[in-house]
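Here is the structure we will look at, set down as structure tokens.
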Amino acid sequence: MRGMTRGQGARLSLASLTGLVLAFAGPPAPSYAAPSGFLVEVTLETVTFQQLSDCALLDGCPDAEMYGSFYGQTLKTDGGPGTSRVRNIGKWGKGCEFGLAWTYGFAGQCPVGISDNLWNDYHEYKFADRLMCSSHTYKFCESAYSKANNTFLLTVRPGERIKVAAHTRDYDADSAHDDICFTEKSTGPLTASALAQLDRKDRLKQGFNGDGSCEVAFTLRTVGTA
Ligand SMILES: [Ca+2]
Ligand SMILES: [Ca+2]
Ligand SMILES: [Ca+2]
């Protein structure tokens, strides 16, 4: 800088300052950092019961009184259980005088009356039409019972799996309650790109076990990042 006039020094300083300002004022560099998790919406769509048997005599009585849980859960990369979101029908282990109709708007704590496909012409029961309460456990409710309560969100991180499951029973006043829909399905492990575009319809199935059988339709759809 020897021999530089004060004016040159000022111009150089201005030039470096302008360069700095330009460097900071440019368009922000795109960020490729992966989100730590994805918000996956689980929708319980419908359930059908191919065959039910709820009589003391083996005459194939095609109705049952059902209580129990349908739920979604994340499974961590080591397979351990993550967060659970549960929807309960009725109260676990509790009965009423009889099962109430699927679309009935009161007494959500009671088992629901269901009929099998042969009796019911392959009727699909819509979860949105049924009173269900929200919880993280089958044991009790953490909300009131309401209809249109068939969707919940799970935060899923890359490498994790999503389990959707059903565990319901037929209420019997005079004998042990019988499993009629006891089944689960895991999806994944899911990569970040699979999670980013997840939009899948799927089904749980349980074959006839002597008391019941079921098929549950559900949807998994990514709606955002977390
Ligand atoms: Ca029974
Ligand atoms: Ca029964
Ligand atoms: Ca029984």
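The values are calculated or read from the model by the stated rules, or taken from the named source; none is laboratory data. These numbers come from a predicted model, not from an experiment. Positions of Cβ are backbone-derived with ideal geometry, glycine not excepted, and every protein chain shown enters the neighbour counts. Areas reflect the complete protein model, heavy atoms only, side chains present, ligands, DNA and RNA absent. Shrake-Rupley method; radii C 1.70, N 1.55, O 1.52, S 1.80 Å.
A few notes on this one:
- The alpha-carbon of Lys163 sits under 18 angstrom from the alpha-carbons of these lysines, leaving out residues fewer than 8 places away in its chain: Lys76, Lys185, Lys201, Lys205.
- Computed with every protein chain present, the accessible area of Asp78 is close to 130 Å² [probe 1.4 Å].
- Extension gain from Asp174 to Thr225, taking 0.36 nm per residue of separation minus the Cα-Cα distance: 13.4 nm
- Anisotropy class of segment 38-225 from Cα gyration tensor, a/c 1.5 cut: prolate
- Here the spin labels are modelled as points 7 Å beyond Cα on the Cα-Cβ line, and at Glu124 and Lys147 they lie 1.8 nm apart.
- Taking all protein chains into account, the per residue accessible area for segment 38-225 stands at 48 Å² (1.4 Å probe).
- Length available on full extension from Asp78 to Glu184: 0.36 nm per residue minus the Cα-Cα distance, which gives 36.3 nm.
- Of the whole protein surface, Ser186 contributes about 50 Å² of accessible area at a 1.4 Å probe radius.
- Taking every protein chain into account, the 1.4 Å probe leaves Cys214 with about 0 Å² of accessible area, to the nearest ten.
- Peptides 44-52, 127-135 ordered by average Cβ neighbours within 10 Å, highest first: 44-52, 127-135
- Carbon and sulfur %, accessible surface of segment 38-225 computed with the full protein complex present, 1.4 Å: 49
- Our estimate of slack between Thr43 and Phe140, defined as 0.36 nm per intervening residue step minus the Cα-Cα distance, is 32.8 nm.
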